[in-house]
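Remarks on the structure that follows.
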Amino acid sequence: MSGAEEQMQQLRSKATELLLREEWRDSIQLYSELIDLCQSQISNTHQHSDPDHLSKLHKSLCVAFSNRAEARSKLQHFTQALNDCDQALQIEATHFKTLICKGKILLCLNRYFNALDCFKAALFDPQGNGNLDIVNEYLEKCKKLEFQSRTGSFDLSDWVLNGFRGKPLELAEYIGPVKVNRSEISGRGLFATKNIDAGTLVLVTKAIAIERGILGGQDSAENAQLVMWKNFIDKVKEAVTRCQRTQLLIDMLSTGENEAGLEVPDMSIFRPEIEENGCSNNQKLDMDKILSILDVNSLVEEAVSAKVLGKNSDFYGVGLWILVSFINHSCNPNARRLHVGDYVIVHASRDVKAGEEITFMYFDALSPLEKRVEMSLSWGFNCRCSRCKFEEAVCSKQELREIEIGLEKGVDVGGAVYRLEEGMKRWAVRGKGKGYLRASFWAAYAEVYGSDRSMKRWGRRIPAMETVVDSVVEVMGSDERLLKVAVEGLKKSGGVVEFERAMKLGRGFYGKVIKKQALRTLLEIGINDKGY
């Protein structure tokens, strides 16, 4: 054995040992040395002088590339790992281990169709005969995720009915009928490209980075949040360093300045199947800019527009989801989000027309105008949505302000609600206007409908609970507090109409990704002898 062959054997043995011990960085270093040595030997070996020796060198090189790809993928250096896979497959097009490694990386990058091709090709490699069950398992997983990504056909029902046991569901990324465009609200926004029914999926996207933790008392909670924020920033920095495409996507987000000058991105750039090597962004990492972007675009999971499902509901979480960052605030929002694992599921909470902007409420919009103005200013903007403009005009009426002050001082809520309803008649408030004002005083309405005593006194002089709920949902979309009142009403009356109303509200709140039986469980509506 020559000195070069002996050196290669030692490198191969040591690198493999490190790989098995999961010492990824050290194994990458040794595999890199082995690859350089193999390539040097191949270039120095004449093709016709010793074909067997040349074949062995190529095989060693293929395995070295494949193993280095595996180590790099474990560190989530996916771009480099894919390049190694491609180098190995140039040597042996059906190399089983490489095809499996590449397929798994493409799955992590949500490029399901490309991953499917890799696993299909692995079936034809004789080396895989003993691993066909594993390959078929990956094939089925790819087919399911590719179908979800293409059609938006998600169903969380079994997971919900099973009590959220086990790991959070692995979901595909999905972009529905939406696009980014200039927004009259602020900068750029996400807009519907066709009519969307309440409960319909708008998008599913995975976090670039997320950090979760348990918060204690007030002082310890503040410290915990600071630590979590630092860890979150480190995770984003690591994600940007690992992947050019991630840096490109984050770089597109707003820093809160010069909104009008920002480019409106084409939707194709957000689709996960885009080739990583097609992204060119060689700018130096600007941490000051990234910190500004995170300050403007990060989302907390316990937000008023969000519902966390599964085990992570026990944690305080902060994360960055790129497309969701384009969704602006409105006090009459039309969308909500569910958090499942590292994914955010955005769906319409009420019917949305083509061309309408998709909006969340950043703060509690079931509040009077004056409180909403205070909250919007604390967020750094002044809301000018249709509801705020309408209420500004109506709120010039002294009587409306007196009702608000009276509620703050603890007057009888039933009387306040009755006075508001009578006022709307005198002010000729109709249609959506009624929904806006009822939403502003929802806490009072909920208190009246939840009290047998108040209903006995005021029930015949104020609108029925169903009428008020429907008018608020029309302008605000579904909300957990509206749902609670509707479900309590259902438990008292037990009517078919009430049941269907509660289920409709539930679909607006949880989305159509949860079917009727699971939705009934979430709403704690039991099956009674009337057949619900």
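The values are calculated or read from the model by the stated rules, or taken from the named source; none is laboratory data. Small disclaimer: the values here were computed from a predicted structure and weren't measured. Every residue, glycine among them, receives a Cβ derived from its backbone with ideal geometry; neighbour counts consider all protein chains shown. The protein model used for the area step is the full one, side chains on, heavy atoms only, and it has no ligands, DNA or RNA in it. Shrake-Rupley method; radii C 1.70, N 1.55, O 1.52, S 1.80 Å.
Observations
- On full extension, the segment bounded by residue 5 and residue 108 gains 33.4 nm, given 0.36 nm per residue less the C-alpha separation.
- Axis angle, to the nearest 10 degrees, between helix 369-378 and the longest C-alpha principal axis of the chain: 30 degrees.
- Qualifying GluC sites (Glu not before Pro) in the range 294-363, DSSP loop, other Cβ atoms within 10 Å at most 16: 302, 356
- Each residue was assigned an accessible area with a 1.4 Å probe, and for residue 329 the value is about 10 Å².
- Counting heavy atoms of the protein chains alone, residue 427 has an accessible area of about 50 Å² for a 1.4 Å probe.
- C-alpha center-to-center spacing [the range 210-259, the range 314-336] in angstrom: 15 Å
- Largest-first principal axis extents of the Cα set of the range 3-151 (Å): 57, 33, 26
- Beta bridges by DSSP in the chain, antiparallel share as percent, to the nearest 5: 80 percent
- For the range 136-287, the Kirkwood hydrodynamic radius from C-alpha pairs, put into Stokes-Einstein at 37 °C and a viscosity of 0.692 mPa s, yields a diffusion coefficient of 174 µm² per second.
- Residue 308 long-range amide H proximity, modeled H, under 5 Å: 339
- Around the amide H of residue 349, modelled in the peptide plane, lie the amide H atoms of 199, 335, 336, all under 5 Å away and 5 or more residues distant in sequence or on another chain.
- Note, ³J(HN,Hα) from phi for the range 30-36, Karplus 6.51, -1.76, 1.60, rounded to Hz, x at Gly and Pro: 6, 5, 5, 5, 5, 4, 4
- Gyration tensor verdict on the range 472-518 (Cα atoms; rounded if a/c is under 1.5, prolate if a/b is larger than b/c, oblate otherwise): oblate
- Among [x] 48, 35, 20; [y] 35, 26, 25; [z] 56, 25, 19, the entry that matches semi-axes √(5λ) of the Cα gyration tensor in Å as calculated here: [z]
- The figure for residue 113 is an accessible area of roughly 130 square angstrom, using a 1.4 Å probe on the protein chains alone.
- Under Karplus coefficients 6.51, -1.76 and 1.60, residue-wise ³J(HN,Hα) of the range 220-237 in Hz, glycine/proline x: 5, 5, 5, 5, 4, 5, 5, 5, 4, 4, 4, 5, 4, 4, 4, 5, 5, 4
- Cleavage-rule hits, GluC sites (Glu not before Pro), the range 179-241, DSSP coil, Cβ neighbours within 10 Å at most 13: 184
- For the range 1-69, the set of GluC sites (Glu not before Pro) satisfying both a DSSP loop assignment and a count of at most 13 other C-beta atoms within 10 Å is given as 22.
- HN-Hα J in Hz across the range 388-404 - Karplus 6.51, -1.76, 1.60, θ = phi - 60°, x for Gly and Pro: 4, 4, 4, 5, 4, 5, 6, 5, 5, 6, 4, 4, 5, 5, 5, 4, 5
- Sequence-distant lysines (8 or more away, or on other chains) whose Cα lies within less than 23 Å of residue 397: 371, 389, 409, 425, 432, 434
- Folded to 0 to 90 degrees: helix 132-151 orientation relative to the chain principal axis, Cα: 40 degrees
- Which of 507, 25, 387 is most accessible, then next, and so on - probe 1.4 Å: 25, 507, 387
- Those lysines that a straight Cα-Cα span of less than 21 Å connects to residue 141, excepting residues fewer than 8 apart in one chain: 74, 97, 102, 104, 120, 167, 206
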